[in-house]
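The values are calculated or read from the model by the stated rules, or taken from the named source; none is laboratory data. Remember, predicted model here, so these are calculated numbers, not experimental data. Please note: Cβ atoms are built from the backbone with ideal geometry, for glycine as well, and neighbour counts cover all protein chains shown. All accessible areas refer to the heavy atoms of the entire protein, side chains included, with ligands and DNA or RNA removed. Shrake-Rupley method; radii C 1.70, N 1.55, O 1.52, S 1.80 Å.
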Amino acid sequence: MHTTVDRAIKETWLYNIKSDYSSNFILLEDSLKNAFYFHLRNRLSDAFLKDHNLRIYTELHTGYGERIDIAVVEIEDREDVHLREKIKDYVAVIELKYKSGHVPIDPFFGDIQKIKSYLKRNDYVNCQYYLGFIHETEYRLEETSWLNTREQKTWASGSLTELSGFYNEDKIIFTNISYNHLNADLNNIRI
């Protein structure tokens, strides 16, 4: 199940989001979230989601006062509680950010810290985490990772994937740098 969800997330970013972006369907962060939800839901199919009791939610509030952009969760098959209380486990957490031009990069680092805090709490041992960043500015190809320190790569190991979109030589590039060791054929791709 985790491998299927991971593949769907990575393929959504590399193929669907890049295509939508290149075709002018994505205007800033809210449309990025909507497009990601739409394509992920289609890739996973209703049958797969129902068979595994999985659901995809946006703007999901945690018990810590945080808000997850998109979460794939496993729910319990209960009728006696509110839907929010049916969430049994988190399978994937996706934080998305879209900024245009030469703007401060603090919001990107804020999402990195948010994911780090999720991992540190270790509430969801089997959860995979994804950072999906589009920054409409020029980057060198060797600057594609947002995690630049050994300490960051250590806490990311086994659980995190960086999904990036940026410009290089006036061409949009979408990348996947994965530390989670799932779907190796999709790891470290630039398109």
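Observations, loosely collected:
- Every pair of residues 6+ apart whose Cβ atoms lie under 8 Å, when the first sits in region 42-69 and is farther than 18 Å from residue 110 by Cα while the second is aliphatic (A, V, I, L, M) and open to solvent by 50 Å² or more (accessible area, probe 1.4 Å): 52/1; 54/1
- Evaluation of residue 33 against (1) open to solvent by 50 Å² or more (accessible area, probe 1.4 Å); (2) within 22 Å of residue 114 (Cβ to Cβ) (one fails), failing number: (1)
- Residues satisfying the stated conditions in region 131-168, i.e. outside any loop (DSSP other than H, G, I, E, B), farther than 21 Å from residue 71 by Cα, of a type in the set (Phe, Trp, Tyr) and open to solvent by 30 Å² or more (accessible area, probe 1.4 Å): 167
- Checking region 71-78 against the condition returns a match, with at least one residue being under 13 Å from the mean Cα position of the chain (by Cα), closer than 19 Å to residue 159 by Cα and not in a helix (DSSP H, G or I).
- The number of residues in region 169-185 that are farther than 26 Å from residue 23 by Cβ and not in a loop (DSSP other than H, G, I, E, B) comes to 1.
- Enumeration of residues in region 111-130 that are under 22 Å from residue 17 (Cα atoms) and either part of a loop (DSSP other than H, G, I, E, B) or out of contact with any helix residue (DSSP H, G or I) (no Cβ under 9 Å at 6 or more places or on another chain) (or both): 111
- Candidates are the residues of region 51-67 that are among the hydrophobic types (A, V, I, L, M, F, W, C) and within 16 Å of the chain's Cα centre (by Cα); the one that is farthest from residue 116 (Cα to Cα) is 56.
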